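Here is the structure we will look at.
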Amino acid sequence: MGQIDKFRAAMGKAKGFARPSKFAVRINPPTMISTIGNAFYTANGETRPTVNTEYADAQAAVRELYMGSGKQIELFCNSVEMPGHDLQAQQEQHGSAPVRDIVTSHGFEGMITASFYLSEDLKERHFFEQWQRLAVNVESHKANFYDDYIGSMEIYQLDTNNEITYGIKATEVYPSTIGGIEYSYDSANQVATQAVSF
């Protein structure tokens, strides 16, 4: 059997190759957003919100945007980078033996970059801006608690039948950088996109 035949046999056994255009993304904003509207408790006969009222507007805005267009935002994700994973090592030497790299821990790439198609009202950009406001108040410049603004993100590889064949869930995710939008009269027939780094 020649090399080409072996390659064809291996490809058939593998049921084809993974296609970078066959993917799906699920974005899960902070869990506390789902409780907005009912997040109150009673103490000493007085009803108080369980969330920081300074961020309540941003929380409500993110919840409203996600409940109204969460699936749209996920469908409008036109590219995403699945994060890598590396082993972290430390050099160690015993006597005159050769230096060895001994694995001490593991880590993941710090950023997930994604791009989204934008609707005419830039609803997708507004969603991520409001999510960022859960992390820091743009008026007082005060940072919020970490657990209040982290969400999660799922990235899936799909096969030709759009069935999931592989996936990862990135936890403790938030939109750290919202990229700029470039405008140009030469781009009349192009769709605007929004880059976001998580």
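The values are calculated or read from the model by the stated rules, or taken from the named source; none is laboratory data. This is a predicted model, so every value here is computed, not measured. Quick reminder, even Gly has a Cβ in these numbers, built from the backbone with ideal geometry, and neighbours come from all protein chains shown. To get the accessible areas, we keep the full protein, side chains included, count just its heavy atoms, and leave off ligands, DNA and RNA. Shrake-Rupley method; radii C 1.70, N 1.55, O 1.52, S 1.80 Å.
Some observations on this one:
- Criterion: closer than 16 Å to PRO30 by Cα and assigned to a strand (DSSP E or B) - qualifying residue of SER152, SER115, SER105: SER152
- GLN90 being open to solvent by 90 Å² or more (accessible area, probe 1.4 Å) and either closer than 16 Å to SER197 by Cβ or over 13 Å from the mean Cα position of the chain (by Cα) (or both): yes
- Checking MET82 against (1) open to solvent by less than 90 Å² (accessible area, probe 1.4 Å); (2) part of a helix (DSSP H, G or I); (3) under 17 Å from GLU172 (Cα atoms), the condition it does not meet: (2)
- Scanning region 16-60 for residues that are at pLDDT 75 or above and outside any strand (DSSP E or B) yields GLY16, PHE17, ALA18, ARG19, PRO20, SER21, LYS22, PRO29, PRO30.
- Which listed residue, of TYR166, TYR174, TYR185, TYR156, is in contact with a helix residue (DSSP H, G or I) (Cβ under 9 Å, 6 or more places away or on another chain) and among the aromatic types (Phe, Trp, Tyr): TYR174
- Going through (1) under 21 Å from the mean Cα position of the chain (by Cα); (2) part of a loop (DSSP other than H, G, I, E, B) one by one, LYS71 falls short only on (2).
- In region 123-140, the residues that are of a type outside the set (D, E, K, R) and without any contact (Cβ under 8 Å) to a residue 24 or more places away in the chain: VAL136, VAL138
- Residue list for region 159-178, filter: of a type outside the set (Ser, Thr, Tyr), within 29 Å of GLU120 (Cα to Cα) and surrounded by 14 or more Cβ atoms within 10 Å (Cβ to Cβ): VAL173, PRO175, ILE178
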